[in-house]
Amino acid sequence: MAVDLLLGLQWGDEGKGKIVDVLTSSYDIIARFQGGPNAGHTLEFEGNKHVLHTIPSGIFHPKAINLIGNGVVIDPIIFIKEIEGLKPYNIDFNEKLLISKKAHLILPTHRLLDAASEASKGKAKIGSTLKGIGPTYMDKTGRNGIRVGDILASNWEEKYKHLSIKHLNMLKSYNISIDYDLDDLESEFFSSIENLKKFKLVDSEQYLIDAQKEGSKILAEGAQGSLLDVDFGTYPFVTSSTTTAAGACTGLGVAPNKINEVFGIFKAYATRVGSGPFPTELSDSIGKTMAKVGNEFGSTTGRARRCGWIDLVALKYCININGVTQLMMMKSDVLSGFNKIKVCTAYQTEKGIIDYLPYGISNKEVAPIFEELPGWKEDLTDMTNLDEFPVNFNNYISYLEKALNTPIKIVSVGPDRKQTIFR
Ligand code: IMP
């Protein structure tokens with residue numbers, strides 16, 4: 001079987017970009033399967049730091065083909081800016097980047113609708129990145145969307161006009177004042193579309209079918225995290241795509257029986273950006289320390305991330321939904337220095353103690369039950385070998401592996417490629 005899958009098991013920002021970058025040398029194709037520029041995959045190597053939003057995280061490697069799948073939504077303006085940002089790396093995009101003709105386009109008016117929708121919700125807002133993700137996926141499932149392949153047709157501008165007028169009418173119904181200059185937005189959009197046409201636009205599912213027949217090794221790269229999945233996440237505080245393993249099937253055309261390893265990535269603690277329930281959230285000095293040491297600010301929006309202890313109830317749920325075969329623990333270094341490390345093992349509910357994820361996990365519905373483990377003082381960031389790990393850190397890893405019944409194969413001790421230890 002030729003396809004491995006890599007996805008986040010929490011609320012996103014687990015460090016998927018870094019691990020895809022580390023693993024890319026073992027693959028021929030890196031294929032992103034969902035989400036859009038709401039994602040921010042941060043890669044650090046050789047003193048460079050780079051954030052990718054739409055382009056798969058294998059782009060910095062000399063050989064791998066990077067494919068943007070049909071399940072992704074593309075904002076051509078952000079995409080072209082991303083390409084320009086990569087200029088210093090002299091990447092041959094014609095050789096290395098493929099874009100699915102079936103991927104949907106984010107229009108400027110999708111972004112306006114996102115802003116209006118969020119503003120109309122007041123305190124109940126989702127905390128969207130405001131990149132137009134929700135409205136674009138709504139048009140996709142509502143069968144009104146515009147796909148990348150459409151820009152090659154002669155009637156494309158007519159199609160665009162039809163949809164954008166509809167959006168502008170919808171915008172009026174929100175009765176919310178949003179500042180925008182449509183001429184400016186459209187001029188930037190259309191010039192980016194002209195640029196987009198210069199890239200290799202392909203029937204990506206067929207490309208992947210052929211690649212599998214030829215024995216190519218494919219890594220499917222997810223964005224966001226399982227707890228932001230539109231079905232299984234903390235709805236409605238979720239994104240609008242399938243961030244779980246099934247999303248790789250629909251977002252790339254990979255058959256379920258072709259999936260081999262499912263790599264699940266999680267942080268040694270937990271974070272969330274945007275609104276929504278977070279049972280193990282810490283509003284005390286420990287949470288603040290995690291945020292500071294872990295530099296927990298969104299790579300797309302710069303917003304501060306909320307921090308808390310690891311939640312094994314939620315993690316087990318995500319491992320099961322995704323069929324995770326191997327775990328990768330990220331940002332372990334951030335936990336150095338705490339006297340005690342807490343681990344949420346169950347929830348207290350009105351009906352008693354449960355160890356599974358129920359329908360609602362708001363503070364009113366569940367209270368986390370913690371176990372305490374001894375912490376460690378040593379700085380992990382310069383460690384390059386498993387033998388160097390402090391005993392209490394090794395105990396933490398073993399505890400998690402046992403509780404999650406899944407091996408932890410990679411431990412990350414810092415943002416750089418080099419700070420990655422295989423077990
Ligand atoms: P949207 O997908 O931009 O509409 O955002 C919906 C929710 O998902 C918000 O709470 C966002 O903060 C969150 N979200 C979207 N993309 C990411 C991501 O890449 N990392 C973390 N959270 C995200």
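Cβ neighbours within 10 Å, averaged per peptide: list 100-109, 316-325, 45-54 in order, most packed at the top.
Descending mean neighbour count gives 100-109, 316-325, 45-54.
Which residue fluctuates most in the GNM of the chain (Cα springs below 10 Å): Lys331, Lys409, Lys131?
Its mean-square fluctuation being the largest, the pick is Lys409.
Can you list residues from other chains, or at least 5 along the same chain, whose modelled amide H is less than 5 Å from the amide H of Ile341?
Distant-sequence amide H within range of Ile341: Leu373, Gly375.
Can you tell me what share of the DSSP beta bridges in the chain is antiparallel? A percent to the nearest 5 is fine.
40 percent
Using a cut-off of 14 Å between beta-carbons, work out the net charge of the residues near Asp92 (Lys and Arg +1, Asp and Glu -1, Asp92 not included).
Around Asp92, the charge tally is +4.
On a 0 to 90° scale, report how tilted helix 204-213 is relative to the longest principal axis of the chain, with both axes built from alpha carbons and the result rounded to the nearest 10.
Result, in degrees: 60.
Out of Val22, Val293, Val73, any idea which swings most in a Gaussian network model of the chain, alpha carbons joined below 10 Å?
Comparing Val22, Val293, Val73 in a Gaussian network model of the chain, the most mobile one is Val293.
Could you quote the convex hull projected area for the range 1-54, Cα atoms only and averaged over all directions, in nm²?
One quarter of the hull surface, i.e. the mean projection, equals 4.3 nm².
With only alpha-carbon atoms in the gyration tensor, what are the semi-axes of the equivalent ellipsoid for the range 270-372, in Å, largest first?
The answer is 22, 16, 15 Å, longest axis first.
If you line up the long axis of helix 182-196 against the longest principal axis of the chain, both from Cα atoms, how many degrees apart are they, to the nearest 10?
80 degrees
May I ask for the angle, rounded to the nearest 10°, between helix 391-404 and the longest principal axis of the chain, with both axes built from Cα atoms and the value confined to 0 to 90°?
Helix 391-404 sits at roughly 60 degrees to that axis.
Using the alpha carbons of the chain, what is the convex hull volume per residue in cubic angstrom, as a whole number?
Spelled out: Cα convex hull of the chain, divided by residues, is 144 Å³.
I'd like the antiparallel share, as a percent to the nearest 5, of DSSP beta bridges with both residues in the range 259-383.
Within the range 259-383, antiparallel bridges account for around 70 percent of the total.
Mind ordering 176-189, 262-275, 233-246, 300-313 by average Cβ neighbours within 10 Å, highest first?
Final packing ranking: 262-275, 233-246, 300-313, 176-189.
Long-range amide H contacts for Ile74: which residues qualify at under 5 Å (H placed 1.01 Å from N, peptide plane, sequence gap of 5 or more or a different chain)?
Counting only residues 5 or more places away or on other chains, the set is His104, Leu105, Ile106.
With 13 Å as the cut-off, how large is the P(r) tail for the range 60-135, expressed as percent of Cα-Cα pairs?
72 percent
Compute the signed sum of charges (Lys and Arg +1, Asp and Glu -1) over the other residues within less than 9 Å, Cβ to Cβ, of Leu43.
+1
Quickly rank 251-260, 4-13 as a protection proxy: mean count of other C-beta atoms within 10 Å, highest first.
Packing proxy ranking, top to bottom: 4-13, 251-260.
Taking the Cα centre of the chain as origin, work out the dipole magnitude from +1 charges on Lys and Arg Cβ and -1 charges on Asp and Glu Cβ, in debye rounded to 20.
Here the size comes out at about 540 debye.
Run lengths n ≥ 4 of DSSP H only: what is the helix-derived mean residue ellipticity at 222 nm for the chain, with -39500 (n - 2.57) per run over all residues, to the nearest 500?
Roughly -9500 deg cm²/dmol at 222 nm, from the helical runs in the chain.
Principal axis lengths of the range 207-336 from Cα atoms, whole Å, largest first?
Each principal axis gives a Cα extent; for the range 207-336 these are 54, 32, 28 Å.
All of the numbers you see were taken from the coordinates with simple rules; none came from a lab. These numbers were taken from a predicted model, which means no experiment stands behind them. Glycine also receives a Cβ, built like all others from the backbone with ideal geometry; neighbour counts cover every protein chain displayed.
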